[in-house]
Amino acid sequence: MRTVVIGGGLAGLASAALAARRGERVLLLEQDRLGGKSARVRVSGQTVDTGPSLVSFPQVWRDLEARLLADLPVAERDAARVDFLPLPGLGVHHYQDQALELPLPPGHPLYAAWQGYLERQRPLAAPIARLLVTPPGLRPEFLRASAALAAEYGLRLRADRYLDALGLPEPLRAAIGVHSFNGGLGPERASALYASLPGAMLAAPGGVVAPRGGVYTLTLFLEAQARRLGADLRAGWTVRAIDRARRVVQARAPGGRLEEFAYDRVISAVDEGRTRVLLGGPAQPPARLTCSGVAIYAALREPLEAPLPRASVVLPDDLRAMSDALARLEEPQQTMALVHHDPPGELYPDNDRTVLSVLLTAPANGRRYDLESGWVRAQLRRISRVLGLRAPLEELLRAPAVLTPADYAAGGAWGGAIYGRVRPLWQAGPFHRPGYLEGGVWQVGTSVHPGGGIPGVLGGALIADALMSGRGRR
Ligand SMILES: Cc1cc2nc3c(=O)[nH]c(=O)nc-3n(C[C@H](O)[C@H](O)[C@H](O)COP(=O)(O)OP(=O)(O)OC[C@H]3O[C@@H](n4cnc5c(N)ncnc54)[C@H](O)[C@@H]3O)c2cc1C
């Protein structure tokens with residue numbers, strides 16, 4: 001079986017490794033460098049991983065890892081496993097004039113409300129984790145897990161409706177609701193599932209983690225295992241077309257010449273809109289897009305007087321206004337910001353300075369921004385004020401690396417939308433199956449599991465693996 005994998009992000013690398021594990025002859029073609037949105041840069045001599053920063057539902061990774069390492073002796077298997085650093089929680093959430101650390105500590109005035117929320121989400125952790133790795137259909141485990149979620153949400157299919165029903169006090173409701181933007185949409189546009197995720201992620205086995213050394217460690221692991229299992233991974237190769245009639249993939253080599261590769265199966269791990277174009281369809285922007293981001297990575301010029309917590313989430317004063325602006329592909333007046341503060345020697349063992357990452361939720365407008373852009377400056381000023389910094393963030397950072405919607409659009413979805421087009425609520429996260437598109441072509445990756453992040457794309461690769469090897473059939 002000759003398998004061509006298109007795209008070398010986490011989904012493509014996982015799919016290539018799994019296909020090689022199935023004994024197929026695997027060729028992976030990546031137009032840029034391996035890793036896709038997961039990358040590693042050096043800023044002022046410090047290491048910092050760009051793109052994903054935390055891993056939820058780590059059991060999905062452990063399932064994938066176990067499958068890829070199964071042929072090794074136990075000692076080698078143990079040595080190869082990725083070491084996860086447990087994270088204490090989801091960070092300190094700044095909303096209007098309040099700061100809430102999630103999980104809320106005992107003694108906090110809203111502790112009882114938080115515990116009530118957490119206890120209600122706890123039973124959903126196992127069904128969500130199950131759905132992340134189970135092929136949809138009439139299998140009992142899929143039906144049982146779906147029924148558990150349906151019983152909890154009833155007709156409240158949207159995150160805001162579900163949050164209303166939970167009756168949480170406002171600052172807590174906002175701190176929980178804002179996490180739906182991590183899935184690409186505001187609470188009034190996202191599935192109810194996203195309102196459960198902060199609690200379900202914390203309650204799931206393993207909690208929320210970061211690989212020691214940064215998330216790029218996962219990319220390096222998948223690359224190493226795919227190669228060890230015999231996959232041919234090629235960076236700098238751009239796929240131009242999938243010809244289903246002749247069963248060949250056409251690609252441009254780094255030197256510019258065109259080559260064709262015969263296939264029995266194609267696994268497309270690029271955005272589904274790109275796959276459509278490769279199959280000869282039109283290049284059309286989707287009607288609605290999930291959000292993009294402006295991500296800033298830098299070493300601090302000097303340590304902060306009062307160090308920040310590892311993760312801070314700065315909310316806009318008005319979540320609805322932010323969500324509406326993003327839906328119109330406009331810059332929100334105030335956006336959500338995720339700030340990670342990594343002192344030397346913790347996440348990145350070899351760094352000798354603190355590195356800071358700032359992720360601003362941005363419209364999927366395909367634009368390039370820098371620290372001089374008016375919108376970015378205004379957001380950084382607000383964040384600095386909210387976090388109580390003595391100077392605006394841009395003055396504290398040394399030679400930052402900045403990634404923008406234009407960068408995310410270059411290898412991903414239209415406009416740099418992190419999770420591609422907006423799907424109907426019932427196709428959110430783990431509910432959508434990796435698609436079989438006819439003629440031996442499969443679709444995996446972010447656009448199949450919108451908002452699913454790493455567990456979504458890796459779970460999707462595992463589901464596709466089960467379906468391709470016949471283990472997913474009833
Ligand atoms: C700033 C940021 C923060 C995030 N934070 C988190 C987080 O904390 N936790 C989490 O779980 N998720 C997070 N995510 C989401 C997560 O990074 C993605 O879901 C995941 O990395 C997507 O992997 P993928 O393989 O599906 O897609 P991609 O990484 O986009 O890979 C697609 C690859 O296909 C290649 N390609 C495209 N067209 C072609 C072609 N024609 N020929 C060959 N190759 C092609 C691209 O170059 C790219 O390498 C974050 C994303 C971003 C951008």
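The values are calculated or read from the model by the stated rules, or taken from the named source; none is laboratory data. For clarity, every value in this text was computed on a predicted model and none was experimentally measured. Please note: Cβ atoms are built from the backbone with ideal geometry, for glycine as well, and neighbour counts cover all protein chains shown. All accessible areas refer to the heavy atoms of the entire protein, side chains included, with ligands and DNA or RNA removed. Shrake-Rupley method; radii C 1.70, N 1.55, O 1.52, S 1.80 Å.
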Q.
Looking only at segment 284-298, filter to residues that are touching a residue at least 40 places away in the same chain (Cβ under 8 Å) and of a type in the set (S, T, N, Q); which one of those is farthest from the ligand (Cβ to nearest atom)?
A. Thr290
Q | Single match in Val74, Val92 (criterion: over 27 Å from Ala235 (Cβ atoms), more than 16 Å from the ligand (Cβ to nearest atom) and surrounded by fewer than 19 Cβ atoms within 10 Å (Cβ to Cβ)) | A | Val74
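Matching residues to (1) surrounded by fewer than 23 Cβ atoms within 10 Å (Cβ to Cβ); (2) within 13 Å of the ligand (Cβ to nearest atom); (3) closer than 27 Å to Gly440 by Cα:
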| position | (1), (2), (3) |
| --- | --- |
| Gly7 | no, yes, yes |
| Leu10 | no, yes, yes |
| Ala17 | no, yes, yes |
| Arg21 | yes, no, yes |
| Arg42 | yes, no, no |
| Leu54 | yes, yes, no |
Q) Looking at Ala129, Ala148, Ala80, Ala99, which is the one that is surrounded by 15 or more Cβ atoms within 10 Å (Cβ to Cβ) and in the same structural domain as Val448 (by TED's automatic domain parsing)? A) Ala80
(Q) Being open to solvent by 20 Å² or more (accessible area, probe 1.4 Å) and within 16 Å of the ligand (Cβ to nearest atom) narrows it down to one residue among Pro400, Pro349, Pro343; which is it? (A) Pro400
Q: Just one of (1) within 16 Å of the ligand (Cβ to nearest atom); (2) open to solvent by 20 Å² or more (accessible area, probe 1.4 Å); (3) closer than 25 Å to Thr446 by Cα trips up Arg265, so point out which.
A: (1)
(Q) As an exercise: evaluate Gly23 against (1) under 30 Å from Ala409 (Cβ atoms); (2) outside any helix (DSSP H, G or I); (3) not hydrophobic (A, V, I, L, M, F, W, C) and give the number of the one condition it does not meet. (A) (1)
(Q) Take Gly415 and tell me if it is within 30 Å of Pro140 (Cα to Cα), crowded, with 20+ Cβ neighbours inside 10 Å and at pLDDT 90 or above. (A) no
Q: Filter segment 56-67 down to residues that are within 17 Å of Ser15 (Cβ to Cβ) and under 21 Å from the mean Cα position of the chain (by Cα) and give me whichever is most open to solvent (accessible area, probe 1.4 Å).
A: Asp63
Q.
Looking at Arg301, Arg310 in this structure, which one is more than 16 Å from the ligand (Cβ to nearest atom), under 30 Å from Gly214 (Cβ atoms) and charged (D, E, K, R)?
A. Arg301
Q: Filter segment 433-450 down to residues that are small (Gly, Ala, Ser) and open to solvent by 10 Å² or more (accessible area, probe 1.4 Å) and give me whichever is modelled with the lowest pLDDT.
A: Gly435
